[in-house]
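Readers should treat all values here as calculations from the given coordinates under stated rules, not as data from a laboratory. These numbers come from a predicted model, not from an experiment. Glycine gets a Cβ as well: all are built from the backbone with ideal geometry, and neighbour counts include every protein chain shown.
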Amino acid sequence: MSAAKKTDKPVAADATMPSGTTSGTPQILLAHHLKQLKLPTILREYDKVAREAAREGIDHAAYLLRLVELELIDRERRVVERRIRQARFPAVKSLDTFDFAAIPSLNKMLVLELARCEYILRHDNIIALGNSGTGKTHIGLSLGLAACQKGFSVAFTTAAGLVHQLMEARDERRLLKLQRDLAAVKLLIIDELGYVPLSTTGAELLFEVFSQRYERGSTIVTSNLPFEEWTSVFGAERLTGALLDRLTHHVHILSMNGESYRLAQSARHRKLAATDGNDQSAVEAVDQDTGEITPR
Ligand code: ADP
Ligand code: MG
C-alpha cells in the first residue's frame, strides 16, 4: 500500500532522489532544479557564460559569481516591474520627460530631492496644487515611478475612483481589508482631489484613509483647488479641518499654477502647421496667447 502511495506522488519521489543518479543528462536535471529554485536567468545564461569563462580563463568561483550577479540584476528588474504593475499607474511617466521650464512656479530642486524618496522614509506627504494641465498628474506619476524603482510599494488612484472603491468595498463587506491594504502601501497617490464634490459618506471614508495613514505612510495629493476651497469638496468644515491638519503636518507643497501645458502644446502645433507651408498662413492667423485660429 505504501508502494502504491509512492507511485502516486512522483514529485515526492523525485525530491528524495539524489541528483545525478537518475537517467537523463545533467543539463535536464540542472534545468529542472534551477526552475524549482526560481533562478531563470542562471538557467538562460549558464551555458553562454561558461563559454565566456573558458575563453577568458576565469575560475569556477568567478564564473559562479558572474551568474549569480546576473540573476540578482534580473530579479531586481522583475521586482520593479511587478511594483509598477501593482501601482496601477494610468501611464508610466518619468521626470526625464518633464520640462521644468514650462512651469516656473514649480520648485525644481524640491522635486528632484523628492524623487530620491527620502520623504517616504519620514512618512511625509506631498500636495501638488495648481490649475488644470500644469503637469500635476505627470509629477505624481514620476514620483510614483521613482518610488517603485527605489523599492517602495505604491498605489495610484484618483480621489473619485478611491471613494468609489471604498463605497463598493463597504457595500460588499470588505471595507476593512481594503482599508488595511491602503494603510499598508508605502506611497499612496490620490490624483484629482477637487474635481468632484464628495458625498458625506464618501468624504468620511476618504478622511479615514488619510487618518489611518497619518505618520505611517506617505500620501501624494494633487488638486486644482487651493486649501481654502477644500471644504467645498468634503462638505463639512470640521472634517476638512481635521483632514488638512493630518495631511499638512509633515508636507511638501508643490505650487503648480501656470499656463496649461496641453493648451500651450496644441497652440504650438497649430502654429507649426500654419507656418510649415501649405499656404495655411495665408488663410489663418494664430493668436500667440490663446492658440486660437482665426481665418484672415
Ligand atoms: P494636470 O494633472 O495638472 O491637469 P497633466 O499632468 O495631466 O496636468 O498634464 C497634461 C499633459 O501635459 C500630460 O500629457 C503631461 O505629460 C504633459 N505635461 C504637463 N506639463 C508638462 C511639462 N512641464 N513637461 C512635459 N510634459 C508636461
Ligand atoms: Mg491631472
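Select from segment 97-126 those trypsin sites (Lys or Arg not before Pro) which occupy a DSSP coil region and have at most 14 other Cβ atoms within 10 Å, ordered by residue number.
Arg116, Arg122
When Lys and Arg each count +1 and Asp and Glu each count -1, what net charge do the other residues less than 11 Å away from Ile103, Cβ to Cβ, add up to?
0
Which value results for Rg/Rh of segment 158-228 when Rg is the Cα radius of gyration and Rh the Kirkwood radius based on the inverse mean 1/r?
My calculation of the ratio gives 0.95.
Which three extents, in angstrom, do the Cα atoms of segment 44-91 have along their principal axes, listed largest first?
Dimensions of segment 44-91 along the principal axes of its Cα atoms: 49, 16, 12 Å.
Could you compute the net charge surrounding Leu39? Neighbours are other residues with a C-beta less than 13 Å from the C-beta of Leu39; K and R count +1, D and E count -1.
Here the charged neighbours net out to +1.
Under the Kirkwood approximation applied to all pairs of distinct alpha-carbon atoms, what is the hydrodynamic radius of segment 191-266 in Å?
Answer for segment 191-266: a Kirkwood hydrodynamic radius of 13.6 Å.
Sort 203-211, 96-104, 257-265, 38-46 for me by packing, meaning the mean count of neighbouring Cβ atoms within 10 Å per residue, highest on top.
Descending packing order for the listed peptides: 203-211, 38-46, 257-265, 96-104.
Order 244-254, 181-191 from most to least packed using the mean count of other Cβ atoms within 10 Å.
181-191, 244-254
So if I average 1/r over every pair of distinct C-alpha atoms in segment 68-136 and take the inverse, what Kirkwood radius in Å does that give?
Its Kirkwood hydrodynamic radius stands at 14.9 Å.
Have a look at segment 119-187 and give its Rg and Dmax from the Cα atoms, expressed in angstrom.
Calculated on Cα positions, Rg and Dmax stand at 13.9, 39 Å.
From the P(r) of segment 155-195, could you give the percentage of C-alpha pairs in the tail past 17 Å?
Across segment 155-195, Cα pairs with separations above 17 Å total 30 percent.
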